[in-house]
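To start, the structure itself, in structure tokens.
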């Protein structure tokens, strides 16, 4: 070899075809991985939601032990206090969740609700909900999978509900109410005891279930209803099994609870007279014994109605 000459290897880079193949492989792997990641995230959200539901159920039990009855389902309306339910302090606009605040580590909010001392929640002077307890979101009452609220406030502008705090859980009227009472107010106030008011068995009675924070069927945001954790008005009560748009039991007697919906579109497919699950496959519920389980989508309507009625004398059957 002559001096001054050298041998060099030709340099090879990716051809365009090779680069496209690599990109396609990466895209395929991401496509395969993404559903697994989403599934894992939903499983974590479902677990947290179930844990929160259990926390509310246990709070109801502790309240029952302290007061000797479950909390009333709701005041008759925003301006009328509950006065007949034994051992529970009358509260204007209270729902069962308001009475449960001390047992959910929310003593500060409960003190504000009972003393009339109001905080500042919204920066808009004189806005609906400005500064009142009912406008304050509570994280433990919001299911992580429930996307039907905006930073804890309802999405609907109906009645200014977008200034009020939504919740993802609702109490069973057949359990927390007093369906056999003569007046609407008395039906809402409830005098339920554990286990006496659940002769069918606490482990076979649905006490609490998920419900969307905002629920509409017309496609119009201004028409939708809301599930507000601390608003006793009949449009917003956090309740299931009344079976009416206006959540007021006008006639006496237990209700055959309507079956729940699973992941309906909150704006165009949601029926506010029913419970809703934000999780595919079924709905988490808390039972009268404080346990939590998931009820599969497609469960027979008769079985769902039976487990939502604490005293109908029927068995849930194999479907349960």
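Quick check: from the Cα gyration tensor, does segment 150-194 come out rounded (a/c under 1.5), prolate or oblate?
prolate
For the residues 277, 39, 115, what sequence is obtained by ranking on other C-beta atoms within 10 Å, fewest first?
115, 39, 277
If each DSSP helix of 4+ residues adds -39,500 (n - 2.57) and the sum is divided by the residues in the chain, what number results at 222 nm, nearest 500 deg cm²/dmol?
Computed mean residue ellipticity for the chain: -8500 deg cm²/dmol.
Arranged by the count of other C-beta atoms within 10 angstrom, fewest first, what order do 189, 222 take?
Final ranking by Cβ density, sparse to dense: 222, 189.
Go through (i) 14.8; (ii) 26.3; (iii) 16.7 and flag the label whose value is the computed mean projected area of the Cα convex hull in nm² for this structure.
The calculated read-out lines up with (ii).
Report the relative contact order of segment 161-320, percent, no decimals, based on alpha-carbon pairs under 8 angstrom and at least 6 residues apart.
27
How would you classify segment 237-320 from its alpha-carbon gyration tensor, with a ≥ b ≥ c the square roots of the eigenvalues: rounded for a/c under 1.5, else prolate if a/b is greater than b/c, otherwise oblate?
Since a/c reaches 1.5 but b/c is at least a/b, the shape of segment 237-320 is classed as oblate.
With labels modelled as points extended 7 Å from the Cα through the Cβ direction, what inter-label distance (nm, one decimal) is found for residue 15 paired with residue 314?
7.0
For 84, 149, what's the fewest-to-most ordering of other Cβ within 10 Å of each Cβ?
84, 149
All of the numbers you see were taken from the coordinates with simple rules; none came from a lab. Remember, predicted model here, so these are calculated numbers, not experimental data. FYI the Cβ positions are ideal-geometry reconstructions off the backbone, even for glycines, and counts take in every protein chain you see.
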